[in-house]
Amino acid sequence: WFNVNKLSLNVQKTNYMVFSKKRVFMDSNVQINNSTIERVHCTKFLGVLIDDKLSWSQHINKLATKLSKCCAVMYKAKFLIDSSSLLVIYNSLFLPYLNYCSEIWGNSYKTKLQCVLVMQKRAIRIVCDAGKLAHTNKLFFELNTLKFPDIVEYRTLMVMFKAHHDLLPRNLQDRK
């Protein structure tokens, strides 16, 4: 297919994965142009870490680390700027991580996603200059922002709406 379409494949950057809930012991040797392709259990695809069990654990752990760093930046900045500027930082640094492909990985188990929600609450408390144990429902409402589970639900419903109204790209729409 690559040859027919005059494309090349970088074999050094190519790997494969076997998706299964069980541990799969395969001794298959995948080769392309006499080069062996490595089997991996987790790989990054378009910025999302996908593992062979589709558990999203590694992606969520990596995300929690990034969100923690954003919180640290916001915490240091809170002594220098006002609340509205902190909200801009939250919307520009923190929120994109929550939005990116969350309709895919965000429907994982709630226990796995708890760390993401905890980080979001911490960020909102920093924006509002609230204490560590302050309740966040009121803060989210005042800032007119969604909690992470609501973001996931909203983005999932948007995909479903687009699918129902034939608004998805044709290659996805035809998979109904």
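Kindly state which helices (runs of 4 or more DSSP H) lie completely within the stretch 47-164 and contain at least 3 residues that are of a type in the set (Phe, Trp, Tyr).
Filter on the stretch 47-164 gives 148-164.
Being closer than 19 Å to TYR154 by Cα and buried (at least 16 other Cβ atoms within 10 Å of the Cβ) narrows it down to one of LEU67, LEU86, LEU95, LEU117, so name that one.
Sole residue among the options that is closer than 19 Å to TYR154 by Cα and buried (at least 16 other Cβ atoms within 10 Å of the Cβ): LEU95.
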Can you tell me which of (1) surrounded by 16 or more Cβ atoms within 10 Å (Cβ to Cβ); (2) over 30 Å from TYR90 (Cβ atoms) is the one MET74 doesn't meet? (2)
Determine if the stretch 159-173 includes at least one residue that is open to solvent by less than 100 Å² (accessible area, probe 1.4 Å), farther than 15 Å from LEU95 by Cβ and in contact (Cβ under 8 Å) with a residue 24 or more places away in the chain. yes
Which condition from (1) open to solvent by 40 Å² or more (accessible area, probe 1.4 Å); (2) of a type in the set (S, T, N, Q); (3) under 20 Å from LYS53 (Cα atoms) is the one that SER102 breaks? (1)
Matching entry among ASN29, ASN33 (being farther than 22 Å from LYS62 by Cβ and in contact with a strand residue (DSSP E or B) (Cβ under 8 Å, 6 or more places away or on another chain)): ASN29
Any chance the stretch 8-17 includes a residue that's part of a helix (DSSP H, G or I), among the β-branched types (Val, Ile, Thr), farther than 23 Å from LYS147 by Cα and without any contact (Cβ under 8 Å) to a residue 60 or more places away in the chain? yes
Contact list please: Cβ distance under 6 Å, first residue in the stretch 133-146 and farther than 10 Å from LYS121 by Cβ, second residue of a type outside the set (Ser, Thr, Tyr) and surrounded by fewer than 17 Cβ atoms within 10 Å (Cβ to Cβ), pairs at least six apart or on different chains. none
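The values are calculated or read from the model by the stated rules, or taken from the named source; none is laboratory data. Computed from a prediction, not measured in an experiment: that's the story for all the values here. Glycine gets a Cβ as well: all are built from the backbone with ideal geometry, and neighbour counts include every protein chain shown. Protein only, heavy atoms only, side chains kept; ligands, DNA and RNA dropped before computing areas. Shrake-Rupley method; radii C 1.70, N 1.55, O 1.52, S 1.80 Å.
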